Structures are given as structure tokens and as C-alpha cells.
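Structure record follows, encoded as C-alpha cells.
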Amino acid sequence: MDQKLLKDYARLLSKRGVNVQKGDEVWVYASLDQPDFTRMVVEQLYKDGAKFVRVIFSDDACVRHTYKNATLSTLAKLPPYRLAELKYRAKKLPSVLYIMGEDPNAMKGVNQNKIAKSRMKQYPKIKPYRDAMDGKYKWCIGAIPNAAWAKMVFPKDSEEVAIEKLWDAILSTSRVDGNDPVENWNKHNAILIEKRKKLELFGLVELQYKASNGTDFKVGLDEYRVWGGGMEVVKDKGDFNPNIPSEEVFTSPVAGKAEGLLVASKPLSYNGELIEDFSVRFKDGKVVEVKAKKGQKLLEQMVKMDEGASMLGECALIAYDTPIRKTGLLFYNTLFDENAACHFALGAGFPDCIKGGLDMSHEELVEHKMNESMIHVDFMIGTADLDVVGITKDGKKVQIFKDGNWAF
């Protein structure tokens, strides 16, 4: 792989991803698959002014062994060192950079009930710290290839060739093209922010979706909803890009206002296992039926993780002609696939998608119909013929998407 492009990518994750400022502390969560690149990122973070960088490596195989062999009671506990880490993060608010390389089938054959129950038991202990940090620190998710993931995307190629091709796909879709990637992202952010502003000016109270694959759906909004996309801003810490790559403009819908059928246009990798050819039906704002040709039980389990898991926390608009979709690849990875097609997320909503939400109490957010859940799982519904119509508060119709792309 071209070392200049890798250095450009490392600089992008540092300068535009977490946007390191002098004196920042950064925690890096990285997979073991590309240690040389992780070292390159750490060097860049220090070069850009970080005062301290902590690296936490992970490995799919080790995680798999843990879920297979540790007891549920052990997995459900929150050890003192984890609690101490959460307390430290909630107090010091270090920036967090995730450099992910995940096997989409890493947990295939592992007891999914065990995974789900352990997370359900841990969640109440973790939630207060998560809430305390929400919207107060900079974070970014980027990607690196590993052999298992690369072979799923490029099954006909050797492992070495597949990894190289996946690197090419990651870099190109992240706008690392030999030019200044930071400037590329500044221009891209400006386009997404302009879309956000226009959507807010419409004063939408509903979005209606239709596609030939069977999607026929409507979701509620209100005057308190704010649209996000591109860069975000943390008070006194600066702006940052949470996802690289990203093509979405998104908001959190009104919890409890969703009707109809959503048909997935891409597979979903959830808990290290694939769910394929699936649909989700809503009535009175909640999931009432799910169907999947592969992963039916896992999908059923997902929407029952807690009360909010059966409601929507995000609706995101992504043009069908994005660079990710144009690759023609199915990435089997939500970071990429969600940015190749319009999508929704089951589970938790975003406080910053409600006017003044970051300064609201838990009770105020609930009053403003922000969905709460321990999960936030994106699934893709965008197609080449997707039609999205917005309804304004005075009943007017606005064409938002036509034939899969922006109509304005």
C-alpha cells in the first residue's frame, strides 16, 4: 500500500476526525490487524499536539473465546477497572478514536442469547457514565482491513490481494486520493451542512418513503428536531467528524411516530453475525413484525433488547450516487454500507438532534420524544428508485428524494 496515502489517512483521522488540539488526551481503540498503521496514527496524534495517547488493542478471536468460555455471570459484571475507566472518561472527557477492522462473522456460532443477556445486565451500570459524556467529547470511527473482512468483500482474491483491495476501497471512499484529504473533507462537510440547513428551513413534521422493493413507510418529526451531518461541534473543544467515511444527513425522529414497512436493501452485521434479506414492520411507532431469510432469531432478539429497541432513534438521508455505492461493493460493515444508502436506526436517539438537547435533563429529553435504548443499530433501506416526500407543518409536500437521490 502507498505509504503516502496511509500517512494522509492518519493525518485525516487526527486532524479532521478527532481534530486534535494542543493538550488533548486521546484514547485509541484499534484492532490488532494493522499495528504499523496504528503506530502511524499515534505518531500523527502527537505531532498534532496530543499530550497523551492511550492505545487499547482488541482482537475478534479473543473476544469470541471470551464469549464462548466465560460464564454469563462473569460477563455481566462490571469489574472495578472498567468502572474506574468510565469514571475517568466521564470526568476528563478524552477524545476517542476507533480504528476498526471487524470480521462480519466473528461471532457466528456463539450463543447470541449469552451475548445479549450480558450486555443487558451491564447496560444499567454503564448508562449513567454514557449519559454524562454524551455530546461532551470528540470521537471518530475509521476503518482498517483485516483478512476475514477482506475475503468476504473480495472472495475470489488471495488474502494478500483482498487486503490490498480493501485498503484501496477504504481510502478512496474516505476521500484520501493523493490531494489534501483534510481540505477534501472541509469541502464535503460544507455540502452536508448546506443540506442540513435546507431541511430545517422546510419545517418538516413527517417523512414518507416508497420504493419498488416494498418499502412503504412514514415517520414523524416536529419543530424541535435538528438535522446533523458532516462535522459536529463540542463546546470549548472544537469540531470533529465522528464517521470517516460519511455521506449522511440525519436526525432523530419522534419516538412512537412510525407506520408501515421498511425493506432492507443491504445485509446487516450485528453482534458479529449477518442478518440478510429482512424487513421490519411498524405500527403505532413500534416494531410489530420482523422477517429475515437469514438471522431471523437474531433480528427478533435485537428488537427486544429493551423497550426502546423496537422504536427508531435515527433516520438518515444518503444519496444513491455516493462514492461508496459507486464502488459496487457490499462491505458487510455498517460504517460503509450505511453511507451507501438511506438508513434508519433502531434504538437510541441523539440528544443533539433536539434543539437544546445537550443541555436538557433526562426527563426533558423523554418529554421531547427522544427514544432511549441500550442499542443503536443502523439498517439500510435506500434503493435506486427510493422516493422520499416531506410534509410540512402546514400540510405542504416537499420532494426530498427522487429516484434515490436528493431532489433539491
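Let me know the charge dipole size of the stretch 149-221 about its Cα centre in debye, to the nearest 20, where only the beta-carbon of Lys, Arg (+1) and Asp, Glu (-1) is charged. Please list the in-between numbers first.
Numbers: 11 positive and 12 negative charges, 97 e Å.
It works out to roughly 460 debye.
To check you understand DSSP bridge types, tell me what percent of the beta bridges within the chain (both residues inside) are antiparallel, rounded to 5.
Just about 75 percent of them are antiparallel.
Can you work out ³J(HN,Hα) from phi for every residue in the stretch 281-295, in order, using Karplus 6.51 cos²θ - 1.76 cosθ + 1.60 and θ = phi - 60°, giving whole Hz and x for Gly and Pro?
10, 10, 8, 6, x, 10, 5, 10, 7, 10, 9, 8, 6, 9, x
What percent of all Cα-Cα pairs in the stretch 143-230 falls into each 10 Å bin, going from 0 up to the bin containing the maximum distance?
14, 24, 23, 29, 9, 0
HN-Hα J couplings of the stretch 136-141 from phi, Karplus 6.51/-1.76/1.60, θ = phi - 60°, integer Hz, Gly and Pro as x?
Here the 3J(HN,Hα) series is 10, 9, 8, 8, 8, 10 Hz.
Please identify every one of the trypsin sites (Lys or Arg not before Pro) in the stretch 170-264 that sits in a loop by DSSP and has no more than 14 other beta carbons within 10 Å of its own beta carbon.
When the trypsin sites (Lys or Arg not before Pro) of the stretch 170-264 are filtered for loop state and at most 14 Cβ neighbours within 10 Å, 235 remain.
So if each residue of separation counts as 0.36 nm, and I subtract the Cα-Cα distance between residue 7 and residue 58, what length gain in nm does that give? Spell out each step's value before the answer.
On the way: separation 51, 0.36 × 51 = 18.36 nm, distance 2.23 nm.
Result for the pair: 16.1 nm of gain on full extension.
Please list 3J(HN,Hα) in residue order for the stretch 167-181, calculated via the Karplus relation 6.51 cos²θ - 1.76 cosθ + 1.60 where θ = phi - 60°; whole Hz, with x for glycine and proline.
The phi angles translate into 4, 4, 5, 4, 5, 5, 6, 8, 6, 9, 10, x, 8, 6, x Hz.
Residue separation times 0.36 nm, minus the C-alpha to C-alpha distance between residue 43 and residue 111: what's the value?
20.5 nm
Work out Dmax and Rg for the stretch 293-408 from the C-alpha atoms and quote the Rg first, both in angstrom.
Radius of gyration, then largest Cα-Cα span, for the stretch 293-408: 16.2, 44 Å.
Using only the Cα atoms of the stretch 202-406, what semi-axes does the equivalent ellipsoid have when each is the square root of 5 times a gyration tensor eigenvalue? Give whole Å, largest first.
23, 20, 19
List the residues whose amide H sits under 5 Å from the amide H of residue 354, counting only those 5 or more places along or on another chain, with H placed 1.01 Å from N in the peptide plane.
It is 226, by chain and number.
Output needed: percent of Cα pairs per 20 Å distance bin for the chain, bins running from 0 to the one holding the longest distance.
All Cα pairs, binned at 20 Å, distribute as 26, 63, 11 percent.
Taking the Cα-to-Cβ direction at residue 131 and at residue 83 and moving 7 Å from each Cα, how far apart do the two end points lie in nm?
Result for the modelled spin labels: 1.8 nm.
Name the residue from 170, 353, 309 whose Cα lies farthest towards the positive end of the charge dipole of the chain, charges +1 on Cβ of Lys and Arg and -1 on Cβ of Asp and Glu.
Of the candidates, 309 comes out farthest on the positive side.
Can you give the local net charge around residue 32? Use residues other than it whose beta-carbon is closer than 11 angstrom to its beta-carbon, Lys and Arg +1, Asp and Glu -1. Show your work: numbers first, answer last.
Values: positive: none; negative: 33, 59, 60.
Value of the local net charge: -3.
Once label points are set 7 Å from the Cα along Cα→Cβ at both residue 294 and residue 394, what is their separation, rounded to one decimal in nm?
5.1
Please go through the stretch 372-408 and write out the trypsin sites (Lys or Arg not before Pro) that DSSP classes as loop and that have at most 14 other C-beta atoms within 10 Å.
Counting only loop positions with at most 14 other Cβ atoms within 10 Å, the trypsin sites (Lys or Arg not before Pro) in the stretch 372-408 are 393, 396.
Can you give the FRET efficiency for residue 122 and residue 407, using 1/(1 + (r/R0)^6), R0 = 35 Å, r = Cβ-Cβ distance, to the nearest 0.05? Could you put the intermediate results ahead of the total?
On the way: r = 44 Å, r/R0 = 1.25.
For R0 = 35 Å, the calculated efficiency reads 0.20.
Quick one: check the C-alpha center-to-center distance for the stretch 44-121 versus the stretch 258-311, whole angstrom.
A separation of 25 Å, based on Cα centres.
What does the charge count near residue 13 come to, summing +1 for each Lys or Arg and -1 for each Asp or Glu among other residues with Cβ under 14 Å from its Cβ?
Charge balance near residue 13 sits at +4.
Please list the non-local residues whose amide H lies under 5 Å from the amide H of residue 294, H modeled 1.01 Å from N, same-chain partners needing a gap of 5 or more.
Long-range HN contacts for residue 294: 276.
Magnitude of the Cβ-charge dipole of the chain, K/R +1 and D/E -1, about the Cα centre, nearest 20 debye?
On the way: 60 positive and 58 negative charges, 195 e Å.
The calculated dipole for the chain is roughly 940 debye.
What distance in nm separates the two pseudo spin-label positions at residue 307 and residue 29, each 7 Å out from Cα along the beta-carbon direction?
In this crude spin-label approximation the distance works out to 2.7 nm.
Just so you know, all these numbers are worked out from the coordinates, no wet-lab data involved. What you see is a predicted model, and the numbers here were worked out from it, not measured in a lab. Note that each Cβ is placed from the backbone with ideal geometry, even for glycine, and that neighbours are counted across all protein chains shown.
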